[in-house]
Amino acid sequence: MRSGMPKPGEFLWGTATAAHQIEGNNVNSDFWVVEHATPTLFREPSGDACDSYHRYNEDAALAAGLGFNAHRFGIEWARIEPEPGRFSAAALDHYARVLESCRRHGLAPMVTLSHWTVPRWFAARGGFEQADSVDLFARFADKVGRRLGGLMTAATTFNEANIGRLARVLFNADGPRFRAASRAMFAAAAEASGSDRFASVLFPDLARSEENQIAAHVAAVQALKAADDLPVGLTLTMQAVEAAEPGADVEAFTDELYGAWLGAAEPCDFVGVQTYTRIRVGAAGRLPPPEGAERTGAGYEFYPQALGDTIRFAAERLRKPIYVTENGIATDDDARRVAYIDAALAELRRAQADGIDVRGYFHWSLLDNFEWTAGYSQKFGLVAVDRASFERTPKPSARHLGRIASSART
Ligand code: IFM
């Protein structure tokens with residue numbers, strides 16, 4: 001274990017996780033409802049996940065032992081406010097213990113307020129499609145800021161706030177087949193909740209929700225800063241966008257990917273860049289990866305160089321200090337993860353050498369975890385998790401990145 005927290009200004013080396021993907025039994029969340037709906041888009045339910053709700057201390061010890069000095073994780077709104085207006089002191093105390101555990105292990109904690117999940121009651125009243133969702137999210141941020149802000153190194157509001165836009169361009173979430181399947185799933189979730197609606201952040205109706213979600217983000221930044229003046233950021237999913245044919249309109253494509261979220265970084269102290277691959281644009285829109293290109297376990301092109309493009313894009317367009325809050329690869333071949341890490345970090349260093357203010361790198365993810373609709377089939381972890389015993393086994397890539405992290409600080 002390291003002695004003491006990173007000094008102010010020290011580069012943060014860590015791993016990133018999300019509450020729903022690792023904690024287990026997040027029964028009051030909207031995702032729990034849709035995972036158990038019939039029909040569902042989910043390959044399997046999240047269940048016990050990695051049992052990190054109970055094993056957070058073990059996870060912090062593991063991360064610190066590997067050589068990291070920071071940890072990004074999510075707190076779960078559905079646990080903190082399981083019924084509207086009823087805040088759980090016990091759940092807030094739990095996250096205070098998680099934060100204290102990070103600090104005891106010398107890990108600077110960066111906390112996500114909402115990593116796609118919301119309470120099931122919030123989804124069943126229309127989620128961010130309702131105008132008063134702005135105040136509800138700000139009220140949650142205020143409670144969190146007052147009780148937990150003093151223990152955090154930094155906080156971010158929404159994970160990959162523009163995820164609905166990426167889903168549209170990358171997974172055809174606007175296409176008729178996907179829409180029909182998600183409509184059926186949400187209709188079943190609404191019925192199970194005794195409601196006539198059920199709205200999710202991952203599969204949103206952007207026309208009805210995006211403006212409110214941006215306002216909720218801004219209000220939450222203000223609430224956190226008023227409660228405890230800690231650094232607050234916005235994380236975006238940012239993939240390299242390249243013109244691959246004459247006539248490709250990269251600017252229009254970029255607008256499609258970010259919309260008004262680029263402006264939403266304005267009240268923030270930093271931005272979180274989250275990069276996995278590149279998107280090639282042709283004259284008629286997105287193109288598939290080049291013929292013969294290596295694909296990751298998530299089906300993306302293996303293209304770690306994307307991180308250089310996205311850091312530069314963020315620096316030019318957002319003009320804020322940058323943390324890479326996610327970067328990683330789904331693979332069963334850990335040697336490819338090592339190669340991915342090395343190539344991505346070479347890009348990060350090049351950007352720093354060019355004077356870009358990059359302050360940290362958080363690899364996605366510490367653990368093999370619940371990868372949303374793909375269930376447990378995709379392995380993004382530096383550490384394998386036995387699905388029955390929850391035993392954690394670091395992969396060679398964990399030691400590799402941990403060594404880079406600790407030697408960079410000596
Ligand atoms: O697992 C997800 C995470 O929740 C958000 N960013 C992308 C990761 C890998 O798909």
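Annotations for the structure displayed:
- The stretch 194-270 - convex hull of alpha carbons, volume per residue in Å³: 135
- If both residues of a DSSP beta bridge must be in the chain, then about 20% of such bridges are antiparallel.
- Under 23 Å between alpha carbons - lysine pairs in the chain that sit 8 or more apart or on different chains: 5
- Overall Cα dimensions of the chain - principal axes, largest extent first, Å: 56, 55, 43
- Distant alpha-carbon pairs in the stretch 271-342 (separation over 20 angstrom), percent: 37
- Diffusion coefficient, µm² s⁻¹, Stokes-Einstein with Kirkwood Rh over alpha-carbon pairs of the stretch 21-96 at 4 °C and 1.567 mPa s: 92
- Residues Cys50, Cys268 arranged by fewest to most Cβ contacts within 10 Å: Cys268, Cys50
- Where only DSSP H runs of four or more residues are counted, the chain gives -13000 deg cm²/dmol as its mean residue ellipticity at 222 nm, each run worth -39500 (n - 2.57).
- Using every pair of distinct Cα positions in the stretch 282-410, the Kirkwood expression returns a hydrodynamic radius of 16.1 angstrom.
- Extent along principal axes [Cα atoms of the stretch 1-138; Å; largest to smallest]: 47, 34, 26
Computed from the coordinates by the stated procedures, all read-outs in this text should not be read as laboratory data. None of the values given here were measured: they were computed from a predicted structure. For neighbour counting, all protein chains shown are included, and Cβ atoms are generated from backbone atoms with ideal geometry for every residue, glycine included.
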